[in-house]
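The values are calculated or read from the model by the stated rules, or taken from the named source; none is laboratory data. Predicted model, so just to flag it, every value in this text is computed and none were measured. In this analysis, Cβ positions are derived from the backbone assuming ideal geometry, glycine residues included, and neighbour counts consider all displayed protein chains. For accessibility, only protein heavy atoms count, side chains too; no ligands or nucleic acids. Shrake-Rupley method; radii C 1.70, N 1.55, O 1.52, S 1.80 Å.
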Amino acid sequence: MPFSAGQLIGQSVAFPAIGDFNNDGLLEPFGFLNQGDWTFSLTPSLALDIIVAGYPGRVNRDNRVLDLDGDGNLDVFWNVYSDATATGSFTLILFGDGAGGFSRVEERPDIIGFGETIVAADFNNDGLVDLYSPVYTHLLGVDSGYLLFNEGGGVLGDNVAEDWNIALSNLPAQYRVEGAQGADVNFDGWIDIYVGSHLFLNQGDHFLAQPLSTFLFEEGANLVDFDNDGDFDLVLRPLNLGPQLLENVDGVFVDRGVLTGSEFVGGYGSNVGDLDGNGWQDIIIGGPGMISIFMNYEGVFERLDIAAAGSTDFEAMALADLNGDGALDIVGRADNDVYVFWNEFTQGDVVTFSVLGENGEENQFGRSLRLTPREQSELVLARVVDSGSGYLSQGQYDLVVGLPIGGAYDA
């Protein structure tokens, strides 16, 4: 079996988001510390329980990992999923201490409502990572998502989503926001966003909205070049179905259907990554007591189900090389249980890119690159640094790229 059965590593109130919280060179999910021996300490998760206990009305939702204040330690932006009138349920910002804990907690009572998948990226190209936190806008009390620019020193400014044309006000309930992702889709140097049946193209001072020809409800959304033609396509997770492929044809997403047809597939969430290092991006979705992987063999997908004993429906998955073997493992969440599926594929040719800022900062979330093999120029690989993607999840920062053929590549 190319993946181990799901290993329960503990319980957490957080969704899967990957980083190195104690600066020891090992990656771990938010709420855990990687012990380096395929086990994880629960100490941070217990500390999170203490933090959220101070907000008895809080309903935890998505969490995005980034160095918000530029001190070299990872911080967390953590939204909520609750009615706007709920007492004590609002966004928190946790500032990391570099040892796996958090030195202080900042409250943002102005960021409320039924929050969904957060996107972190430098939307105005000032070298600081900003946040976009979408929210249901069909309910009373909240009529806009949240776009917050980083003003430096850990300060996030006021909401400018309406000014930047990405409020998604009054989006109907049947098309409400769920999944989201940031990427430089058109390779113009500005980070764009897909959310709520819209591709928002960044114009430098506002977003230009390009709605899908038909609005679609999903429980996961990924921008991914699944056919290696150099353009970002779209993978959606329809409710109770498998992955739905929308191919980018001259800048328009064309529906190519659901890989499982009309077959019922419970669970939530989606993510993408090259799990076997063959140069073609695979698709992962949550299922009932398992995850389903759709292995990509040069554009032909084959389904692989991996069980996790005793688990319920998986709802979010993140990818990261947790044991340093060069292969992307899968972290999955089912209710509050967190599982690791260890990747045991024999990897092909794999290259890891660390896309860094001017001074070595990990602030290039959503940056895209293209790779072209010199011996087969019709293949063009479009890849992106994870800004938060799929559904309530965030993979590792470094970009792992499998190479479909040997030889030299141009970027």
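Numbers for the structure displayed
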quantity	calculated
When residues of region 160-189 are limited to those that are modelled with pLDDT of 95 or more and among the small types (G, A, S), the one surrounded by the most Cβ atoms within 10 Å (Cβ to Cβ)	G182
Matching residues in region 355-411 - criterion: being over 16 Å from D20 (Cα atoms), in a strand (DSSP E or B) and touching a Ser or Thr at 6+ places or on another chain (Cβ under 9 Å)	V380, L381, A382, R383, V384, S389, G390, V400, V401, Y409, D410
Number of positions in region 160-186 that are more than 20 Å from the chain's Cα centre (by Cα) and either more than 16 Å from L147 (Cα to Cα) or not in a loop (DSSP other than H, G, I, E, B) (or both)	5
Unique match (being assigned to a loop (DSSP other than H, G, I, E, B), free of Cβ contacts under 8 Å to residues at least 60 places away in the same chain and within 27 Å of Q396 (Cα to Cα)) among G189, G266	G266
Cross-chain or 6+ apart pairs with Cβ under 7 Å, region 9-33 first and in a strand (DSSP E or B), then open to solvent by 30 Å² or more (accessible area, probe 1.4 Å)	G10/L42; Q11/N336; Q11/D337; I18/L27; G19/L27; G19/L74; L33/N22; L33/T43
Count - residues of region 328-349 that are at pLDDT 95 or above, assigned to a loop (DSSP other than H, G, I, E, B) and in contact with a Gly (Cβ under 8 Å, 6 or more places away or on another chain)	1
Complete set of residues in region 45-89 that are open to solvent by 10 Å² or more (accessible area, probe 1.4 Å) and part of a helix (DSSP H, G or I)	L46, A47, D49, I50, I51, V52, A53
Enumeration of residues in region 125-159 that are surrounded by fewer than 19 Cβ atoms within 10 Å (Cβ to Cβ), touching a strand residue (DSSP E or B) at 6+ places or on another chain (Cβ under 6 Å) and assigned to a loop (DSSP other than H, G, I, E, B)	none
Answer residue from region 378-408, given it is under 20 Å from the mean Cα position of the chain (by Cα) and over 30 Å from N60 (Cβ atoms) and is surrounded by the most Cβ atoms within 10 Å (Cβ to Cβ) among those	A382
Residue ID - farthest from D282 (Cα to Cα), chosen from residues in region 363-377 that are in contact with a strand residue (DSSP E or B) (Cβ under 8 Å, 6 or more places away or on another chain) and open to solvent by 40 Å² or more (accessible area, probe 1.4 Å)	R374
Any hit, region 216-232, residues being open to solvent by 20 Å² or more (accessible area, probe 1.4 Å), part of a strand (DSSP E or B) and under 30 Å from T372 (Cβ atoms)	yes
Some residue of region 9-16 being out of contact with any helix residue (DSSP H, G or I) (no Cβ under 8 Å at 6 or more places or on another chain) and more than 25 Å from G220 (Cβ to Cβ)	no
Region 288-314 residues that are among the hydroxyl-bearing types (S, T, Y), paired with ones that are not in a loop (DSSP other than H, G, I, E, B) (beta carbon under 7 Å, 6 or more apart)	S292/I285; S292/R303; S292/D305; S311/A334; S311/D337; S311/Y339; T312/A334
Of all residues making up region 90-101, the number that are in a strand (DSSP E or B) and surrounded by fewer than 16 Cβ atoms within 10 Å (Cβ to Cβ)	0
Number of the exception - P44 against (1) closer than 24 Å to L168 by Cα; (2) in contact (Cβ under 8 Å) with a residue 40 or more places away in the chain	(1)
Of all residues in region 247-259 being under 23 Å from the mean Cα position of the chain (by Cα) and part of a loop (DSSP other than H, G, I, E, B), the one that is surrounded by the fewest Cβ atoms within 10 Å (Cβ to Cβ)	G251
Subset of region 195-215 that is under 19 Å from the mean Cα position of the chain (by Cα) and of a type in the set (A, V, I, L, M) - its residue that is surrounded by the fewest Cβ atoms within 10 Å (Cβ to Cβ)	L201
Hey, R303 in a strand (DSSP E or B), among the charged types (D, E, K, R) and farther than 24 Å from T214 by Cβ or not	yes
Matching residues in region 102-124 - criterion: being of a type in the set (A, V, I, L, M), in a loop (DSSP other than H, G, I, E, B) and open to solvent by 20 Å² or more (accessible area, probe 1.4 Å)	I112
